[in-house]
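The values are calculated or read from the model by the stated rules, or taken from the named source; none is laboratory data. No experiment lies behind these values; they were computed from the predicted model shown. Glycine also receives a Cβ, built like all others from the backbone with ideal geometry; neighbour counts cover every protein chain displayed. Heads up: the accessible areas ignore ligands, DNA and RNA and are worked out on the full protein's heavy atoms, side chains in. Shrake-Rupley method; radii C 1.70, N 1.55, O 1.52, S 1.80 Å.
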Amino acid sequence: MKAALLYEPGDLRVEEVPRPEPGPGEVLVQVEVALTDGTDLKTYRREVQMVFQDTFGSLDPRMTITDVLTEPFTIHRDVLPKDAWPDKVRALLKLVGLDPDHANRYPHEFSGGQRQRICIARALALDPKVLVCDEPVSALDVSVQAQVVNLLKDLRDEFGLSYVFVAHDLSVVRQIADRVAVMYLGQVQEIGEEEEVLLHPSHPYTQALVSALPTADAQGNVTGKRIVLSGDLPSPADPPSGCRFNTRCWMAQQKCVDEEPELIERGTGRPTKCHFVTPTVGAPAAV
């Protein structure tokens, strides 16, 4: 199988497309990324931009914010004439909620949340169609996280952007995602609409993740049953045979060791990589 990333304005979909023989994964964003070079690769890089987790490490401390935001135009010289760069820098800073008069400052003069806004502004400079956001708020304070997530949602609605949003915080995922792919040891275990996956998880690993979220009733009493996984996380360099989750799964049987399950629909309305799918949280805790 190969994972195809197909985008339309505001709608990024990951679809499984059959392939004749097993082989390495392929990423398609209008073009096959691994096989693209020359002009097509440059166009792809313009249309797909990245927002990194480390806000300080992703900015050159020797460059002013003006330098940071105009660097994309020095690479893609056909996008914007040089005399329009100052106005574009001011517009980008306003767009992400920063003072344009601070354009000549350096990254260390800004807070972590402000630096992430600068990184988002840089990613938007070339008017991309897709932003790949790698844990963009995990290093920020909770209040700042909410501000950045709200900014990303507003930008998505305003410009018709699609996001590939990588996160481990399910509360952030619920705020930003339309579709969710749950991964374990480098493989997708379950994929579907956000509400279905997080409210009615079918894969045991997804169930364990969702059960870790604290829930309470109107009186403040903790509700829900936590699924505690046993054992240690296996090495991604030497994953278990068969289903990669079988060493920690309370439902595992010999078939899970002998045979790797396919990521297919198994009666839940969405693809799940498990031989013994259950529709929702409620399995006994593993000890």
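Residues checked against (1) under 25 Å from the mean Cα position of the chain (by Cα); (2) open to solvent by less than 90 Å² (accessible area, probe 1.4 Å); (3) modelled with pLDDT of 95 or more; (4) among the aromatic types (Phe, Trp, Tyr):
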position	(1), (2), (3), (4)
171	yes, yes, no, no
176	yes, yes, no, no
187	yes, yes, no, no
194	yes, yes, no, no
209	yes, yes, no, no
213	yes, yes, no, no
227	yes, yes, no, no
232	yes, no, no, no
245	yes, yes, yes, yes
Please verify whether residue 163 is in a strand (DSSP E or B) and either within 24 Å of residue 268 (Cβ to Cβ) or touching a residue at least 40 places away in the same chain (Cβ under 8 Å) (or both), treating the condition exactly as stated. yes
Output for segment 257-273, where each listed residue is over 14 Å from residue 206 (Cβ atoms) and part of a strand (DSSP E or B): 264, 265
Considering only residues that are without any contact (Cβ under 8 Å) to a residue 24 or more places away in the chain and in a helix (DSSP H, G or I), look in segment 99-111 and name the one that is surrounded by the fewest Cβ atoms within 10 Å (Cβ to Cβ). 101
Being of a type in the set (S, T, N, Q) and open to solvent by less than 50 Å² (accessible area, probe 1.4 Å) is the filter here, so list the residues in segment 136-169 that pass it. 138, 145, 162
Could you check segment 247-258 and list, in sequence order, the residues that are open to solvent by 60 Å² or more (accessible area, probe 1.4 Å) and more than 15 Å from residue 277 (Cα to Cα)? 247, 254, 258
Got a number for residues in segment 125-134 being open to solvent by 10 Å² or more (accessible area, probe 1.4 Å) and outside any loop (DSSP other than H, G, I, E, B)? 2
Pick from segment 39-98, criterion among the aromatic types (Phe, Trp, Tyr) and part of a helix (DSSP H, G or I), ranking: farthest from residue 165 (Cα to Cα): 85
Go through 122, 62, 156, 117 for me and flag whichever is over 20 Å from the mean Cα position of the chain (by Cα) and among the charged types (D, E, K, R). 62
Of (1) of a type in the set (D, E, K, R); (2) in contact with a strand residue (DSSP E or B) (Cβ under 9 Å, 6 or more places away or on another chain); (3) not in a helix (DSSP H, G or I), residue 122 satisfies every one except (3)
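Yes or no, residue by residue, for (1) touching a Cys at 6+ places or on another chain (Cβ under 7 Å); (2) in a loop (DSSP other than H, G, I, E, B); (3) of a type in the set (Ser, Thr, Tyr); (4) within 24 Å of residue 166 (Cβ to Cβ):
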| position | (1), (2), (3), (4) |
| --- | --- |
| 201 | no, yes, no, yes |
| 205 | no, no, yes, yes |
| 235 | no, yes, yes, yes |
| 241 | no, yes, yes, no |
| 246 | yes, yes, no, no |
Looking at (1) in contact (Cβ under 8 Å) with a residue 60 or more places away in the chain; (2) not polar (S, T, N, Q); (3) not in a helix (DSSP H, G or I), which is the one condition that is false for residue 137? (1)
Which residues, taken from segment 80-98, are touching a residue at least 24 places away in the same chain (Cβ under 8 Å) and either touching a helix residue (DSSP H, G or I) at 6+ places or on another chain (Cβ under 6 Å) or among the small types (Gly, Ala, Ser) (or both)? 89, 92, 93, 96, 97
